[in-house]
Amino acid sequence: MILVTGASGFVGRNLVKKLVKKEKIRCLVRHTSNTRQLKGTELFYGNMLDKESLFKATKDVSMVIHLVAVIGSADYKLNFETHVTGAKNLIEACKKNRVKRVIVISTTSTLAKIRNNYGTTKAMADQLFAKSGLAITTIKPDFIYGKDGNGFIKLVDTIKKRPFMPSLGSGKYRKQPVHIDDVVAAIINAMNKKFIGKTYIVASEKPIEIDTMIKMIMKRLGIKKPIIHIPIKFLLAASYVMKMKKNPLLTKAVVLGLSQDCVYDVQPLIKELKVIPRSFEDGLKEVLN
Ligand SMILES: NC(=O)c1ccc[n+]([C@@H]2O[C@H](COP(=O)([O-])OP(=O)(O)OC[C@H]3O[C@@H](n4cnc5c(N)ncnc54)[C@H](OP(=O)(O)O)[C@@H]3O)[C@@H](O)[C@H]2O)c1
């Protein structure tokens, strides 16, 4: 039995869809989680902050794939509790139930020069897992896109609906967006015990400037709109105002996360985990067809 935490999220539901064909899966979900896409799995209601629920969820489990996170929230307490306290609780539960193998889904935000609260607390959680004595493999994806990816849907909606497309600062910050299926493949391959103790960056091979990403999406959608560069300071102020909105497009975490040039070597992903990530161009063809 494999326990998947964060199974109802974007990565979780796509991973579970693949895994459930060959493994028995228990999904850690909350009473508020959307579980429609978790058919064929055992639903276990719990919470990363509820030690007892994690203790029960990890019983008779051979491996945990840990995906829980809060993405896009600038709230330090929420980030700390979910990522750091959650990691401590999960490690304790795994040790009590002798679950040795854990695949931790981290993020390239932990490697940024200026880290937001998400990157800082995810890095703290990585440290806890690394020192836990459990058999850990860590996966660090860059921005993940896919048909049902919340961040990607928001980006595409903004491009479709706005008369112009706002871009961050110079628009020259580079990213290596990765297709959801490549992330799922990396997680599944990482389950092999030969990757214990290893960390893999999961990203597309070629860094792309944000403006280029926007232009590529526009081209696929068959629309042409001006890109207006907005100073980072202004975006941070706007994110402060948007805090009042439910599900805001801009948060401080998003602005800080996107306004940095990030370039990664994905050769270990290709050579060791044997995942050849799609180019953003090829991935877009599938996602926006
Ligand atoms: N998406 C990206 O672009 C991206 C990039 C790099 C790394 N990652 C990493 O990939 C992993 C999965 O991300 P995702 O995009 O799938 O995120 P997501 O769609 O926001 O899903 C987050 C999941 O965490 C669950 N969750 C949050 N707080 C919880 C708590 N206290 N107890 C139990 N469950 C809780 C959510 O449950 P509910 O359904 O109940 O809300 C949901 O299932 C994360 O570790 C993230 O850091 C994602």
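The values are calculated or read from the model by the stated rules, or taken from the named source; none is laboratory data. These figures come from a predicted structure and were not determined experimentally. FYI the Cβ positions are ideal-geometry reconstructions off the backbone, even for glycines, and counts take in every protein chain you see. What goes into the accessible areas is simple: the full protein's heavy atoms, side chains included, and nothing from ligands, DNA or RNA. Shrake-Rupley method; radii C 1.70, N 1.55, O 1.52, S 1.80 Å.
Table for the structure above
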quantity	calculated
Residue count, region 112-145 (criterion: more than 12 Å from the chain's Cα centre (by Cα), within 30 Å of residue 216 (Cα to Cα) and within 11 Å of the ligand (Cβ to nearest atom))	0
Lone qualifier among 237, 253 - being out of contact with any helix residue (DSSP H, G or I) (no Cβ under 9 Å at 6 or more places or on another chain) and either assigned to a helix (DSSP H, G or I) or hydrophobic (A, V, I, L, M, F, W, C) (or both)	237
Subset tally (residues that are open to solvent by 40 Å² or more (accessible area, probe 1.4 Å), farther than 20 Å from residue 289 by Cβ, at pLDDT 95 or above and assigned to a helix (DSSP H, G or I)) for region 147-206	3
Selected residue (only one of 75, 60 is at pLDDT 95 or above and either on the phi < 0 side of the Ramachandran plot or more than 18 Å from the chain's Cα centre (by Cα) (or both))	60
Selected residue (only one of 99, 84, 104 is more than 7 Å from the ligand (Cβ to nearest atom), closer than 24 Å to residue 258 by Cα and not in a helix (DSSP H, G or I))	104
Region 19-40 - residue that is within 14 Å of the ligand (Cβ to nearest atom) and charged (D, E, K, R) and, of those, most open to solvent (accessible area, probe 1.4 Å)	36
Selection count where residues are buried (at least 16 other Cβ atoms within 10 Å of the Cβ) and of a type in the set (Val, Ile, Thr), scope region 111-133	2
Any hit, region 50-64, residues being closer than 21 Å to residue 183 by Cβ and within 12 Å of the ligand (Cβ to nearest atom)	no
